[in-house]
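Worksheet for the structure shown next.
Nothing in this text is a laboratory measurement; each read-out follows from the coordinates by a stated rule. Note that this is a predicted model, so its numbers are computed, not measured. Neighbour counts run over all protein chains shown; Cβ positions are idealised from the backbone, glycine included.
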Amino acid sequence: MIERSDGEQIASPIPLSALGNSLLGWQLCRSALCPQVGCARYDQNLTETTAMIERNIPQPMINSLQAGRAFAALAVVCYHSLLSAEAFAGPALTLNAIFGYGYLGVDFFFVLSGFIIYHSTSGRGKSAAVYGESRIRRIFLPYLPIGLAVALLYTLGIGGSQHPWGWLATLTLAPVLPGPALSVAWTLQHEMVFYAIFGLLYFTNTLLVGCILWAAAIVGLYLLGIDGGIPLSLLNLEFMMGMCTAILARRQWGPTWLYAAAIVPLTLWIALGASNAHSVLVGASLALLILPTVQMERAGRCSVPRYMVFLGAASYAIYLIHNPVLSVMARVMSRFGPVTMIIVGFAASTAAGCAYYVLIEKRLMRLPSFERRKRHHKAALR
């Protein structure tokens, strides 16, 4: 079995090493085995076969990105642990200065999403249908069990919601108001809009021009003080920053001086008051940090601990489940004080997310896709 970049496992009829050796042998003795007449046809078949194999060879995982996903998810858990503790047990001044900026993990998630979606789609030979299905599966399969459970509990009057929500957004993650029942799912609405616009531009070969016009519209509306909603939110610039880093990373570009350059947008963010309204500047800093880190990993100059790779893989599950867990822990642990609540809530949320990833998410993602079922059906008819 081999695993494609979208996570789907596909069967290889013969080992890839054997295919590679066979192709090499064919290239070495083509002239001896094949007369001049017909060589063009054989060369075309060779080119098509090589391209097919290259598309199916799994790309090496970028462990530094997995570590980034882990940091992003855990930062958000820290932030919501702080909010939950302060709501039920009073202020936690000793941790507020650090955990109070944990919401920036969302900005890191958006930058990483832009990188990953370009890296896993561009040049991989995917059709628009396969791309669309893979994105829907990746977002909805882990989300729906938790999102629907929260919505049903609210409907039954259990654990009342602190924000307005609606069934349409909960079921579809469409960019509408009121939003989903699961509070953190507002970010998934942004993700789905980005995936849709990226797919439209990519599969119509207008990605560069489209992104330039999209970014210009976002910045223009921001300067005019006009709210463009989710499709024209400043946060979409972070997805585009991630795409740019993926393009440059493919070209093996990522000088170490970018670590110093990352200080510039961060300093500007601090100068503007270090507010959530300007967090896109932090996204720019994080995008600059990604490039040299990826190149250092590729050069073997840095390594990522296995537990961070695992936490990165479990980051989506941690992100989805942590607020419901914190809601329960806050009611159980409130008498122990805010600091204890934060520590226990953080640990419980992380553990629950890891368990959900291993026991639920991984099994859901192994369910055969429509494209895979279609291939098996065609093979059965032969």
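A few notes on this one:
- Residue exposure proxy: Thr172, Thr245, ordered by other Cβ atoms within 10 angstrom of their Cβ from fewest to most, comes out as Thr172, Thr245.
- Ordered by the number of other Cβ atoms lying within 10 Å of each residue's own Cβ, fewest first, Asp227, Asp107 fall into the sequence Asp227, Asp107.
- Net charge of Cβ neighbours under 14 Å - reference Ala287; Lys, Arg +1; Asp, Glu -1: -2
- Taking all Cα pairs closer than 8 Å and separated by 6 or more residues, the relative contact order of segment 63-375 comes to 31 percent.
- Dividing the mean sequence gap of close Cα pairs (under 8 Å, 6+ apart) by how many residues segment 123-249 holds gives a relative contact order of 17 percent.
- Exposure proxy ranking, count of Cβ atoms within 10 Å, fewest first, for Val282, Val184: Val184, Val282
- Annotation: extensible slack from Phe203 through Arg363 equals 54.6 nm (criterion: 0.36 nm per residue apart, minus Cα-Cα distance).
- Charges were assigned to the Cβ only: +1 to each Lys and Arg, -1 to each Asp and Glu. The resulting dipole of segment 156-307 about its Cα centre is roughly 500 debye.
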